[in-house]
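Trainee: Mind looking over this structure? Questions follow.
The values are calculated or read from the model by the stated rules, or taken from the named source; none is laboratory data. As the structure is a prediction and not an experimental result, all values here were calculated from the model. Cβ placement follows ideal geometry from the backbone for every residue including glycine, while neighbour counts extend to all protein chains displayed. For the accessible areas, the whole protein counts, side chains as well, though only heavy atoms, and no ligand, DNA or RNA atoms are used. Shrake-Rupley method; radii C 1.70, N 1.55, O 1.52, S 1.80 Å.
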Amino acid sequence: GAGVSQSPSNKVTEKGKDVELRCDPISGHTALYWYRQSLGQGLEFLIYFQGNSAPDKSGLPSDRFSAERTGGSVSTLTIQRTQQEDSAVYLCASSLAGLDIQYFGAGTRLSVL
Amino acid sequence: QKEVEQNSGPLSVPEGAIASLNCTYSDRGSQSFFWYRQYSGKSPELIMSIYSNGDKEDGRFTAQLNKASQYVSLLIRDSQPSDSATYLCAGASGGSYIPTFGRGTSLIVHP
């Protein structure tokens with residue numbers, strides 16, 4: 001079956017603009033994660049969705065960041081009023097259930113000019 | 001704060017040698033551990049998962065877990081240049097579904 005799909009693969013935006021990043025997880029995977037990876041850095045956890053439960057937003061760096069997951073499937077990460085420090089690769093991963101093996105998408109490379 | 005520590009490297013080994021990658025973790029409640037490989041410019045992909053003390057072998061890869069000493073290691077036998085990548089260690093506790101990732105160790109296998 002298809003893997004985790006993310007779009008767009010690259011996004012260049014101007015400082016202050018809003019951006020939306022999309023993640024389509026593997027069918028049947030109930031858990032979905034968003035991470036951020038800056039150049040040469042490790043994975044920074046952002047948000048976790050599990051089924052219809054309330055998401056764990058503990059990793060979101062500021063209130064400019066938000067995410068939703070519609071129908072327990074596709075997720076959108078929104079960054080409002082983007083700043084240059086938001087430039088990074090945003091990775092989405094899904095797993096069959098929490099604490100299970102995570103499968104990563106190819107990521108969205110965000111560049112804020 | 002839960003931490004997973006890895007030496008950033010680079011670890012350089014000759015082709016055919018054994019590469020040993022190590023990881024320590026601070027959370028004694030961690031129960032699940034994962035090794036991911038990440039090629040430059042690509043997303044992480046799972047290499048091994050390990051949940052019990054001891055060794056787990058899969059082809060050229062062996063994961064080792066020692067909960068008493070709070071370390072996890074990955075051994076790569078007969079290293080190949082195609083193994084050159086960054087290896088990420090991750091741990092997750094039973095009370096959390098959010099794994100903690102280390103910063104990764106860069107491995108270079110030279111011909």
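Rundown of residues vs (1) within 14 Å of chain B (Cβ to nearest Cβ); (2) of a type in the set (F, W, Y); (3) more than 13 Å from the chain's Cα centre (by Cα), yes/no style:
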| residue | (1), (2), (3) |
| --- | --- |
| A:K11 | no, no, yes |
| A:G16 | no, no, yes |
| A:P25 | yes, no, no |
| A:H29 | yes, no, yes |
| A:E44 | yes, no, no |
| A:G72 | no, no, yes |
| A:Y90 | yes, yes, no |
| A:D100 | yes, no, yes |
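Trainee: Please determine whether any residue of the stretch B:55-68 is within 14 Å of another protein chain (Cβ to nearest Cβ) and either hydrophobic (A, V, I, L, M, F, W, C) or not in a strand (DSSP E or B) (or both).
Mentor: There is at least one residue in the stretch B:55-68 that is within 14 Å of another protein chain (Cβ to nearest Cβ) and either hydrophobic (A, V, I, L, M, F, W, C) or not in a strand (DSSP E or B) (or both).
Trainee: Can I ask one more? Just name the residue that is most open to solvent (accessible area, probe 1.4 Å) out of those in the stretch B:89-111 that are modelled with pLDDT under 90 and facing chain A (nearest Cβ under 7 Å).
Mentor: Here the answer is B:Y97.
Trainee: Taking A:L113 as meeting all but one of (1) touching a Lys or Arg at 6+ places or on another chain (Cβ under 7 Å); (2) more than 16 Å from A:V4 (Cα to Cα); (3) in contact (Cβ under 8 Å) with a residue 40 or more places away in the chain; (4) surrounded by 18 or more Cβ atoms within 10 Å (Cβ to Cβ), write down the number of the exception.
Mentor: (4)
Trainee: For residues in the stretch A:78-96 being in contact with a strand residue (DSSP E or B) (Cβ under 6 Å, 6 or more places away or on another chain) and within 24 Å of B:L46 (Cα to Cα), which is surrounded by the most Cβ atoms within 10 Å (Cβ to Cβ)?
Mentor: Within the stretch A:78-96, the first condition is being in contact with a strand residue (DSSP E or B) (Cβ under 6 Å, 6 or more places away or on another chain), and the residues that meet it are A:78-79, A:82, A:84, A:86-95.
Right, trim to within 24 Å of B:L46 (Cα to Cα) and you get A:88-95.
Working: A:A88: 19, A:V89: 20, A:Y90: 23, A:L91: 26, A:C92: 28, A:A93: 25, A:S94: 25, A:S95: 21.
That would be A:C92.
Trainee: Of all residues in the stretch B:32-65, how many are out of contact with any Ser or Thr (no Cβ under 6 Å at 6 or more places or on another chain) and surrounded by 12 or more Cβ atoms within 10 Å (Cβ to Cβ)? Write out each step before concluding.
Mentor: Applying the first criterion (out of contact with any Ser or Thr (no Cβ under 6 Å at 6 or more places or on another chain)) to the stretch B:32-65 yields B:32-33, B:35-37, B:39-50, B:52-54, B:56-63, B:65.
Right, trim to surrounded by 12 or more Cβ atoms within 10 Å (Cβ to Cβ) and you get B:32-33, B:35-37, B:39, B:42-50, B:56-57, B:60-63, B:65.
Selection size over the stretch B:32-65: 22.
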